[in-house]
1. Have a look at the DSSP beta bridges in the stretch 1-155 and tell me what percent are antiparallel, nearest 5.
2. What does the charge dipole of the chain about its Cα centre add up to, to the nearest 20 debye, if the Cβ of each Lys and Arg holds +1 and the Cβ of each Asp and Glu holds -1?
3. Taking every DSSP beta bridge with both residues inside the chain, roughly what % is antiparallel (nearest 5)?
4. With unit charges on the beta carbons (Lys and Arg positive, Asp and Glu negative) and the dipole taken about the Cα centre of the stretch 157-309, which residue among Met165, Ala253, Ile203 sits farthest to the positive side?
5. Looking at the chain as a GNM with Cα springs under 10 Å, which of Glu231, Glu213, Glu104 has the largest mean-square fluctuation?
6. For the chain, what is the number of Lys pairs with C-alpha distance below 22 angstrom, counting only pairs 8 or more positions apart or on separate chains?
7. Per-residue ellipticity at 222 nm for the chain, helices alone: DSSP H runs ≥ 4 residues times -39500 (n - 2.57), over residue total, nearest 500 deg cm²/dmol?
8. Defining a contact as two alpha carbons under 8 Å apart and six or more residues distant in sequence, what relative contact order in percent does the chain show?
Amino acid sequence: MHESIQRLRRNILSVYFGDPKAADRAICCALARGHLLIEDVPGVGKTLLAMSLARSINCSFSRIQLTPDMLPSDVLGVSVFERNSGEFDFKKGPIFANVVLADEINRTSPRTQSALLEAMNEATVSMDGHVHELEQPFMVVATQNPYEFEGAYLLPESQLDRFLMRLHLGYPAPDDEARVLTQRPGGKSLHELPAVISKDEMIDLQNRVDAVELDSSLTDYIVALAGATREDDEIQVGLSPRGSLALSQAARASALMDGRDYCVPEDVSENVIPVCAHRILSVGYHSSGDASSGQRIMKRIMQGVTAPT
C-alpha cells in the first residue's frame, strides 16, 4: 500500500472504530474520483466516517445539513445585486469545496437533491448563464437514513447513479463499541484530527489510479456482469455504462491500495456490491425502497457470471 494511503487509513481509523473495510471503501471511492453515499440507521458513525475522511485531507471542506425547507440556492449559491457596481455578484454556496459533506441528504426535497446533479457529474455549477468550475479534487460524501424512517425522501434514480459507492456500516462489534464508550471519538478526538495528506498528493494518487492496467479479460467480466443485470427478470433497469465505468475505476483504485499497478479479479468482485447494488432497480423498488434487494440480486448475478482466472 502506498505510504500516503497508509497514513490516510491510519488517521481515519484513529477515530472511526467501526468495520475497517468501510474505511477502505471510503478511501477507494476518493481515489477513484467518486462520490460516496453512506446509508444506515442513526448513531452508527455515518457522519463520523465522512468527517474523518474529509479532515484527513488538507483541502477545503464544507458541511451541508440538509432539511426539508432548503432551496437549491442554499447549496449552489445565489446572485446578489451590488448597488455600487450596478451588477450582480455571484455568492458561492457550500458546494464550492473540495470535500462536501451532505448530511442526511434524503431529508431534503427532491428539488434540492437534484441541484447536486451537475456538480457531481461534471464538477461545474451553472448559474445565470455562467458556468463555474469546481476545484479538484471534488468529492461529495452524503449520509442518509433508511427510507422507512419518517421524513425521508426517496433519492431519484439519476441521483443514486451519481454516487460511485453506497455503503452500509452496520452495528459495531462489541469490542469496538466498548472503545467508542471509552474514548468517545465523536467529540474532541475528531475535532483535533490532523490532515495527513495534501490536496496535491490526493490528485497524484487519483492520477495513479487512472494508470492502473485493467486486462481485457476483466473488462469482458465487467461487461458480462452489466449485461446480466439487463436481462434479469427481477430487474426493471439494469446497470448503465456509467455503472460499468464506475466498477472499473473502483477496481483500479483497489489495486493501487494493494500496491499493484494492475487489476486482478478480486479487485472487481469486492466492489460489485458497493458500486452496483444501488444502481439497479428491482421489481417493486418504487413501493418499498428496499436496498437489500439490490444486494441480494447482485450476489446472485455474480454467482452466475464466471470470473476470469
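Readers should treat all values here as calculations from the given coordinates under stated rules, not as data from a laboratory. The structure presented is a predicted model; accordingly, all values stated were derived computationally and were not measured. Neighbour counts run over all protein chains shown; Cβ positions are idealised from the backbone, glycine included.
1. Among the beta bridges of the stretch 1-155, antiparallel pairing accounts for roughly 45 percent.
2. Working: 29 positive and 42 negative charges, 118 e Å.
For this selection, approximately 560 debye.
3. 40
4. Going by the Cα projections, it comes out as Met165.
5. Glu231
6. Taking the chain as the scope, the lysine pair count is 4.
7. Taken over the chain, the calculation gives -12500 deg cm²/dmol.
8. About 22 percent, as a whole number.
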